[in-house]
Amino acid sequence: MISSVMLFSDVDGTLLDESGHYAITPEELARYRDAIDIVLASSRTILELSRNQRDLGLSGPLVAENGAVVALPWHESLSTVGTRETIDAHEWCVMAVGDEAAIIRDAVRETAVQLGVPHIDQADVESTLGRRASVLLRPVPGATWDDLTPLATSLRQQGFSVASGGSWLAVTHGADKGRGARALMAVLALSQPSPDVVAAVGDSNNDVPLLAVVSKRFVISGPDGRYHPALMALPDTTCVSKVGIAGWRDVLLSLLEEKR
């Protein structure tokens, strides 16, 4: 029997579908909160994830911007760890894991101009989200995702991480979800025992680094019932049988069964 479990969960496509429906109601999730510590890990910003927490009745730390930013509820003991910021009416300790968005954006724009690849930068259309250590891209109207492939390939060759993040392509430097999760665990270990089991669940290629650093791995299928091949390639991975976000609840049940 195990006594403590932490679950890192992707959001888009794993916990939340394209229509904005969550895999579980806050009332049902309340039955599991004391048994499993749930950490949202996403390409979304702290502001967006804080809102997701509120929707679900969750609290606690976050891994944001594809692992480039980590946020913990503020406590004075964290004053040497990160900066104190008020976001979504909550006090957070914010840690940067990756390079600043401005540095990444300059590289993206320079590379895009050299290659002649037009794109949309999320900051130009959703400027209030507070993205600080990542850049999100998508094709311009009339273009396809394949049109961004030369840009993504060149950025990877320059050392950037480029991975799908919901309906955007997320670009970071010096960070990914796995590094973000490790940074968070290192901070938590300063004040509390490490969990007996650290698990993660995701559905896309930006979840590969996250699932790679935990002891239990779960994969959610897409709406078509297919699992991402990059996640399937990881060792000892459990593919959840229910299609799409409906499988998220089964991850909780599986982890709870191990505690009994």
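Any read-out appearing in this document is the output of simple, stated calculations on the displayed coordinates, not a laboratory observation. In this text, all values refer to a predicted model and were calculated from it rather than measured experimentally. Cβ atoms come from the backbone with ideal geometry, glycine included; neighbour counts cover every protein chain shown.
Results, tabulated for the structure shown:
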| item | result |
| --- | --- |
| Share, in percent, of DSSP beta bridges within the chain that are antiparallel, nearest 5 | 55 |
| Local electrostatic count, S79, Cβ distance below 13 Å [Lys/Arg +1, Asp/Glu -1] | -2 |
| Gained length - Q114 relative to S254, 0.36 nm times residue gap less alpha-carbon distance | 45.5 nm |
| Within segment 80-115, GluC sites (Glu not before Pro) in DSSP loop having at most 14 other beta-carbon neighbours inside 10 Å | E100 |
| Using alpha-carbon coordinates, inclination of helix 101-115 to the longest axis of the chain, degrees | 40 |
| Three-way shape call for segment 26-82 based on the alpha-carbon gyration tensor, with the a/c threshold at 1.5 | oblate |
| Relative contact order %, segment 131-260, counting alpha carbon pairs below 8 Å whose residues are six or more apart | 16 |
| Karplus-derived 3J(HN,Hα), 6.51/-1.76/1.60, for each residue of segment 144-160, Hz, glycine and proline x | 10, 4, 4, 5, 8, 4, x, 5, 4, 4, 5, 5, 4, 5, 8, x, 8 |
| The chain: relative contact order as a whole-number percent, Cα under 8 Å and 6+ apart | 22 |
| Cβ-placed point charges (K, R +1; D, E -1), dipole of the chain about Cα centre in debye, nearest 20 | 400 |
| Local electrostatic count at A101 - Lys and Arg +1, Asp and Glu -1, tallied over other residues with Cβ under 10 Å | -2 |
| Inter-centroid distance (Cα atoms) of segment 93-113 relative to segment 141-183, Å | 11 |
| Net charge contributed by nearby residues that have their C-beta within less than 14 Å of D88 (K/R +1, D/E -1) | -1 |
| Cα gyration tensor shape of segment 40-156, rounded if a/c is under 1.5, else prolate or oblate by comparing a/b with b/c | prolate |
| Estimated FRET transfer efficiency when R0 is 41 angstrom, pair E76-L234 (beta carbons, to 0.05) | 0.60 |
| For segment 198-260: rounded, prolate or oblate by the Cα gyration tensor [a/c cutoff 1.5] | oblate |
| Where trypsin sites (Lys or Arg not before Pro) fall in DSSP loop in segment 72-161, at most 15 other Cβ within 10 Å | none |
